[in-house]
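The values are calculated or read from the model by the stated rules, or taken from the named source; none is laboratory data. The model shown is predicted, which means the values in this text are computed figures rather than measured ones. Every residue, glycine among them, receives a Cβ derived from its backbone with ideal geometry; neighbour counts consider all protein chains shown. For the accessible areas, the whole protein counts, side chains as well, though only heavy atoms, and no ligand, DNA or RNA atoms are used. Shrake-Rupley method; radii C 1.70, N 1.55, O 1.52, S 1.80 Å.
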Amino acid sequence: MAAAHAYFDESGTHDGSPVLCVAGYLIPEERRQDFNTKWIETLESKGLTHFHMVDCAHGNGEYANLGMSERIEVQTKLIELIKGSSARGIGAMIVASVYKQLMPFHPNMGSAYNYCIWHCLEATRLWIEELGSAVEIHYHFERGHQSDSEADRIMTFAFAAPAGRKPFGYASHAFVDKRAIPGVQAADLLAWQMYTDWRHGMEGRPRRKDFAHLISDKKHRVCIIDAKRIRYHVDRMRNEGAWD
């Protein structure tokens, strides 16, 4: 059976953020080691310990030692590595306040963060369907979100039985330190770019050229979770007796 790794990170979790985004990449097992090696080599060539998109964009933290041209060089090399190594880019975005307003509490639904995760899992399931063959997938999420223990509990429950695991190719899941996992750092790049693109659109500003280049290969699938989608899900769950 083929194997792949799914890496996800989130953006827009700070207070006052208008939108929450969870995004990441599917990287086949046969490409993963080469991806990791080249990712680390690219960072070490500039004296960097890990990639963090917001610091790279603004020259913060250890990126303060690099000029703008060097930071652009680092990100450009990493984007090319992502495009050459990933099988699919996946993302889900939601206005958390709308979700909280429309979605009644249910222990197996959780927060807007968890809702975005499940839309990313659904996109992964569709990718498996497109392949037309079984894939064993190891899921990795950045550790540290205030709802990650809730998401961990819900996924553990949902994937307890083989029937629940099979459509998603589920082999395992873990919440990990982003600084140690190049795949989650790649997810950080996508999540930040998606969040920033949404904000730029709301402000009438143009799309960043680096983001346009990142998604130019058409391998990305992004879901914008609006009020209509949430209401549809609520109605379906209500008809199935979810809140009885």
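What the table shows:
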quantity: Computed [θ] at 222 nm, deg cm²/dmol, the chain (DSSP H ≥ 4; -39,500 (n - 2.57); rounded to nearest 500); calculated: -15500 deg cm²/dmol
quantity: Of all DSSP beta bridges in the chain, antiparallel share, percent nearest 5; calculated: 45
quantity: The stretch 172-181 - phi-based ³J(HN,Hα) in whole Hz, Karplus 6.51/-1.76/1.60, Gly and Pro as x; calculated: 6, 9, 7, 9, 10, 7, 4, 5, 9, 10
quantity: J(HN,Hα) series, the stretch 32-43, from Karplus relation 6.51 cos²θ - 1.76 cosθ + 1.60, nearest Hz, glycine and proline x; calculated: 5, 5, 5, 4, 4, 4, 5, 4, 5, 4, 4, 5
quantity: Accessible surface of residue 217 - all protein chains present, 1.4 Å probe, nearest 10 Å²; calculated: 50
quantity: Per-residue HN-Hα couplings for the stretch 49-66 [Karplus 6.51, -1.76, 1.60; θ = phi - 60°; Hz; x = Gly/Pro]; calculated: 8, 6, 9, 9, 4, 5, 6, 5, 5, 10, x, 9, x, 5, 6, 5, 7, 10
quantity: For the stretch 169-239: accessible area per residue (Å², 1.4 Å); calculated: 54
quantity: Proportion of all alpha-carbon pairs of the chain beyond 22 Å (%); calculated: 54
quantity: For the stretch 113-132 and the stretch 1-61, distance of Cα centres in Å; calculated: 19
quantity: Gain upon complete extension [residue 70, residue 202; 0.36 nm per residue less C-alpha separation]; calculated: 44.6 nm
quantity: Spin-label model distance (nm) - residue 2 vs residue 231, 7 Å beyond Cα toward Cβ; calculated: 4.0
